[in-house]
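These notes are about the structure you will find just below.
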Amino acid sequence: MGSQQRIKRPSPVAKKARAGPHNTVICQPVPHRLPTGNHPLQFVIALRAIAATIIVWHHFAIYPPLREWAAPLLGDVLDWLAQNARTTQVFFVVGGYVMARSMSARCWSMRRIRSFVVQRYCRLGLPYLGAIAMILPIYVLARDWLPEQVVGQAPTLPQLLAHLFFLQGILGYEQLSAGLWFVCINFQLGLVYAASLWLRDTVGRGKVDFVGLLGWPLLAFSLFYFNLNDAWDSWWLYFFPYFFMGIVIHRSVRGEAHKLEFWLCLLLFVGAMTFEWRWRLLSALLVGLLLFVVERRGLGARWPQMRMVSWLGKISFSLFLVHFPVLVLVGTVWTRLDWVSPAAGVTGLFVAYGLSLLVAELFYRFVERPAARLYRQKPRTEADGDAFRPAPRKGLRAPVFDTR
């Protein structure tokens, strides 16, 4: 008896995942591939802070009346911001990287897909609905004072229902606030990525890299077709190159793909810009290259260490959602008070920015953060827990890319 070896019993989660003839996913823990979502992402936070600030001022430079009144003093700056300060692609690159970082090591079943949809709606959809609830009464105050370019038509019930399910762009309805389209596209991209992971772990049984198998053709087709046609900008295919670049950065940094994969992605971006110049591709390429270098060198968790940047990054999504309602409200107040001089216009823009930061902090505390926690508080089954991606059978190699 003393020479007998102890038999290791599988953990309850592993037992549940492997037991029964109806399971299509065989999962076991892979310690060196544990998700790193609890580790800090300081550089990613900084990118979000910068991108959100630029987007806010881009919208401030587009929508009247404050920008028109401020034009005699800040005309050149506002014109440049209106034309060039488009940084939503930065959010898509960062979003692809963060999603891959937190999702790629998990084991994906249909139950996990359902849980992901609920979690994603809590995380994105509830703050998005909060922003809509915020803008509607402001439109009531502003409708007789600001141009239709800002307040739009009175919302209809079908329009509101389309917004509820992220379908307004696809169905051709007017957006109720600036930037809501971004949440819809982000939701679509998350579903597409989760579906590719599900295919990897069910159809591919963990041996076929469906993320790469589907992602690379879609990247090329989008760069040279969908991304050239604005008619596709209500669909994820138009924005897929930015998102997939973030995924590729994670695969390359974590050693899940061939070391040349990231450079191949950059080469496709350069080819697409040569085929037809697009500033948005260049900005995504530069941000992606910077993110790759910083993360590859291990600096992303601790640089830069600045409280203001960290705070802006923390509230960046809330700031993205609330700045337009604040701009409309300030514009309405300035119009009613007849503060229409150039100096008053400049003051109004900076008041709107400062007030946007304050409202974003409150929105983050009382809407965004509770919404993100809402799903975590619901009772979870073992299948919703921390199951990791399938282990390959010995002696077999993935026919597309070896993603281990």
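Here, each number is a calculation from the coordinates, and none is a lab measurement. What you see is a predicted model, and the numbers here were worked out from it, not measured in a lab. Reconstructed Cβ throughout: ideal geometry from the backbone, glycine too, with neighbour counts over all protein chains shown.
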For 357-363, 113-119, 88-94, 60-66, ranked highest to lowest by mean beta-carbon neighbours within 10 Å, the order is 88-94, 60-66, 357-363, 113-119
Taking a label point 7 Å from the Cα of VAL340 along Cα-to-Cβ, the residues of region 130-153 whose backbone nitrogen sits under 16 Å from it are 144-148
Extension length gain for GLU174 and ARG376 (0.36 nm per residue less Cα distance), in nm, is 69.4 nm
Each label sits 7 Å from Cα toward the beta-carbon; between LEU358 and ALA301 the label points are separated, in nm, by 3.9
Here, VAL98 and TRP145, labelled 7 Å along Cα→Cβ, have an inter-label distance in nm of 3.5
Distance in nm between LEU157 and LEU286 label points, each 7 Å along Cα→Cβ, equals 5.0
Plugging the Cβ-Cβ distance of VAL203 and TYR225 into 1/(1 + (r/R0)^6) at R0 = 25 Å yields, to the nearest 0.05, a FRET efficiency of 0.40
Given 256-265, 189-198, the highest-first ranking by average Cβ count within 10 Å works out to 189-198, 256-265
Per the rule of 0.36 nm per residue minus the C-alpha distance, extending ILE113 to ASP233 adds in nm 40.7 nm
Region 335-361 and region 242-292 have their Cα centres apart by a whole-number Å value of 38
Here the residues of region 348-369 lying in the modelled label zone of LEU126, meaning backbone nitrogen under 13 Å from a point 7 Å along Cα-to-Cβ, are 364-369
